[in-house]
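*Asks:* One structure, pasted below without further comment.
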Amino acid sequence: MNKIFLAFTVTFLLFFSGVVQALNLSDEAEISLLTCGPSKQVHALYGHSAIRVHDPIRMVDIVFNYGVFSFSEPNFVYRFAKGQTDYLLAAEKYENFLESYRRSQRRIEEQVLNLTQAKKQQLLDYLIWNAKPENREYRYNFFMDNCATRVRDVVEKHVDGELVFPEEAGLEMSFREHVDEYQRILPWINFGIHLTLGSPADENATAYQEMFLPDFLRNHFARAQIQGEGVSKPLVKETRMIYDPAKSVKSDFNLLSPVYVLSILLALVILVSYKQYKRKQFRLWVDYVLLFITGLIGLVLLWFVAYSEHPAMHPNYNLWWAVPANFLFPFLWMVRRWRPALKWYWKALSVWLLLFLLFSLLIPQAFPVGFYLLTGMVLCRALLHSFLLLNASHSAN
């Protein structure tokens with residue numbers, strides 16, 4: 001949700017804080033929400049939110065950023081998967097922030113907040129305190145605690161009254177549906193993320209919860225009202241487009257997307273299986289590949305369910321079709337003398353996958369089309385083995 005910082009910008013903050021801590025903002029000071037558009041980089045798919053403090057009289061122009069992290073941290077990928085990623089609040093010069101987003105051709109929109117002078121000062125003081133080394137870290141949670149929700153919470157605590165977000169402004173979409181809108185530009189990444197997201201991701205997000213996405217934070221800020229002592233005023237007093245790159249129109253059609261690729265593979269699996277059934281001869285490499293892939297997926301998902309601290313990872317009903325035992329079975333089936341004792345697995349797998357297809361609509365989790373296509377491939381092979389074993393049994397009788 002942010003650009004990658006290869007070096008901590010906290011150095012700048014520490015240099016700057018000696019001045020800022022003693023600074024009283026002038027009447028010309030503005031505090032704004034900056035909303036940055038998404039990009040095709042995985043970590044920036046959903047856009048970014050930050051807070052700008054601009055005081056032309058005091059020559060202050062800083063961006064406070066809750067999205068700082070580094071891929072170079074030890075065991076970053078493992079910690080991220082396990083849900084133990086720590087993000088930081090840091091500050092940088094506005095001109096540096098602006099230039100980095102211009103280089104990556106990402107939109108920047110500014111909403112100037114309608115705060116009293118006292119609240120502006122309190123908010124700045126809080127941000128400086130929060131950015132100190134002993135206070136700056138927080139445990140990242142994609143849906144509930146990220147760069148956008150942190151901004152929402154900070155602003156909510158520093159308004160002169162109660163900040164009211166109209167609930168009817170929500171789209172009544174699930175968390176999964178929300179992120180899917182952004183992930184579609186990278187179809188295989190989208191496919192993988194949907195694999196790891198469990199049933200909690202299919203709960204509807206309220207208008208308040210939608211603000212985990214920067215664009216929705218911007219939209220709800222635009223509708224929010226500050227209410228206090230019988231008076232109501234808008235949270236945002238002015239909106240400015242800082243940078244708006246030209247948009248390229250692209251079609252969603254992609255022959256290499258999971259749906260098209262897996263549809264072709266399913267058709268080939270059905271064709272090959274039909275020919276092998278007619279000839280009563282078949283090659284096992286198709287079975288080994290399909291069982292290995294779906295079994296490996298199942299093992300990875302099982303790890304997420306058992307060990308990841310991400311609350312949206314479990315329970316995950318993809319384990320119904322991505323059976324972890326499929327990973328081990330091909331290695332056992334390679335031993336010919338074990339096959340008579342293992343042939344029941346094909347029948348059990350057929351029944352299990354048929355039950356999934358029959359009852360998947362009743363499961364409290366959404367399954368993209370690609371998951372059904374993978375299930376269809378494995379089911380086709382399991383049914384082929386079951387029918388051949390059944391025919392062999394009848395022939396023996």
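*Asks:* Which one of the conditions (1) modelled with pLDDT of 90 or more; (2) within 15 Å of Asn146 (Cβ to Cβ); (3) touching a strand residue (DSSP E or B) at 6+ places or on another chain (Cβ under 6 Å) does Val68 fail to meet, given that it meets all the rest?
*Replies:* Here Val68 meets the rest and fails (1).
Matching residues to (1) assigned to a loop (DSSP other than H, G, I, E, B); (2) touching a helix residue (DSSP H, G or I) at 6+ places or on another chain (Cβ under 8 Å):
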position: Tyr78; (1), (2): no, no
position: Glu95; (1), (2): no, no
position: Ser100; (1), (2): no, no
position: Ile128; (1), (2): no, yes
position: Glu134; (1), (2): yes, no
position: Arg152; (1), (2): no, yes
position: Glu156; (1), (2): no, no
position: Val159; (1), (2): yes, yes
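*Asks:* Moving on to the next point. Of everything in region 36-76, what is part of a loop (DSSP other than H, G, I, E, B), aliphatic (A, V, I, L, M) and under 14 Å from the mean Cα position of the chain (by Cα)? Give them in sequence order.
*Replies:* Answer for region 36-76, where residues must be part of a loop (DSSP other than H, G, I, E, B), aliphatic (A, V, I, L, M) and under 14 Å from the mean Cα position of the chain (by Cα): just Leu45.
*Asks:* When residues of region 127-156 are filtered for being modelled with pLDDT under 95 and among the hydroxyl-bearing types (Ser, Thr, Tyr), how many remain?
*Replies:* 2
*Asks:* Here is a follow-up. Determine whether Leu355 is exposed (fewer than 15 other Cβ atoms within 10 Å of the Cβ), over 21 Å from the mean Cα position of the chain (by Cα) and modelled with pLDDT of 95 or more.
*Replies:* Taking the combined requirement at face value, the residue satisfies it.
*Asks:* Which of (1) touching a Pro at 6+ places or on another chain (Cβ under 7 Å); (2) without any contact (Cβ under 8 Å) to a residue 12 or more places away in the chain is the odd one out, the single condition Pro200 does not satisfy?
*Replies:* Here Pro200 meets the rest and fails (2).
*Asks:* Shifting gears a bit: If I ask for residues that are surrounded by 15 or more Cβ atoms within 10 Å (Cβ to Cβ) and more than 20 Å from Leu235 (Cα to Cα), which ones from region 47-78 would you list?
*Replies:* Once the filter is applied, which keeps residues that are surrounded by 15 or more Cβ atoms within 10 Å (Cβ to Cβ) and more than 20 Å from Leu235 (Cα to Cα), region 47-78 yields Gly47, Arg58, Val60, Asp61, Ile62, Asn65, Tyr66, Gly67, Val68, Phe69.
*Asks:* Just need a number here: residues in region 136-150 that are under 22 Å from Glu30 (Cα atoms) and in contact with a helix residue (DSSP H, G or I) (Cβ under 7 Å, 6 or more places away or on another chain).
*Replies:* Residues flagged as under 22 Å from Glu30 (Cα atoms) and in contact with a helix residue (DSSP H, G or I) (Cβ under 7 Å, 6 or more places away or on another chain) within region 136-150 amount to 2.
*Asks:* When you scan region 102-125, do you find a residue that is of a type in the set (D, E, K, R) and within 22 Å of the chain's Cα centre (by Cα), even just one?
*Replies:* Within region 102-125 (the criterion being of a type in the set (D, E, K, R) and within 22 Å of the chain's Cα centre (by Cα)), the answer is yes, since at least one residue qualifies.
*Asks:* Can I ask one more? Scan the helices (runs of 4 or more DSSP H) fully inside region 259-364 and keep the ones with 3 or more residues being without any contact (Cβ under 8 Å) to a residue 60 or more places away in the chain and among the hydroxyl-bearing types (Ser, Thr, Tyr).
*Replies:* Those helices (runs of 4 or more DSSP H) do not exist here; none qualify.
*Asks:* Let me ask you something else. Which residue out of Ala22, Ala29, Ala44 is aliphatic (A, V, I, L, M), crowded, with 18+ Cβ neighbours inside 10 Å and at pLDDT below 95?
*Replies:* Going through Ala22, Ala29, Ala44 in turn, just one is aliphatic (A, V, I, L, M), crowded, with 18+ Cβ neighbours inside 10 Å and at pLDDT below 95: Ala44.
*Asks:* Looking at region 86-109, which of the residues that are surrounded by fewer than 20 Cβ atoms within 10 Å (Cβ to Cβ) and under 26 Å from Lys132 (Cβ atoms) is modelled with the lowest pLDDT?
*Replies:* Asp86
*Asks:* Condition first: among the β-branched types (Val, Ile, Thr) and within 21 Å of Arg240 (Cα to Cα). Now tell me which residues in region 84-128 satisfy that.
*Replies:* Matches in region 84-128: Ile108, Val112, Thr116.
*Asks:* Specify the residue that is surrounded by the fewest Cβ atoms within 10 Å (Cβ to Cβ); the eligible residues are those in region 274-291 that are within 27 Å of Leu195 (Cα to Cα) and touching a helix residue (DSSP H, G or I) at 6+ places or on another chain (Cβ under 8 Å).
*Replies:* Applying the filter and picking the extreme gives Leu284.
*Asks:* Taking Pro258 and the conditions (1) over 28 Å from the mean Cα position of the chain (by Cα); (2) under 30 Å from Ala205 (Cα atoms), which numbered condition does it fall short on, given that it satisfies the others?
*Replies:* Going through the list (1) over 28 Å from the mean Cα position of the chain (by Cα); (2) under 30 Å from Ala205 (Cα atoms), Pro258 breaks only (1).
The values are calculated or read from the model by the stated rules, or taken from the named source; none is laboratory data. Just so it is clear, the model here is predicted, and its values are computed rather than measured. Please note: Cβ atoms are built from the backbone with ideal geometry, for glycine as well, and neighbour counts cover all protein chains shown.
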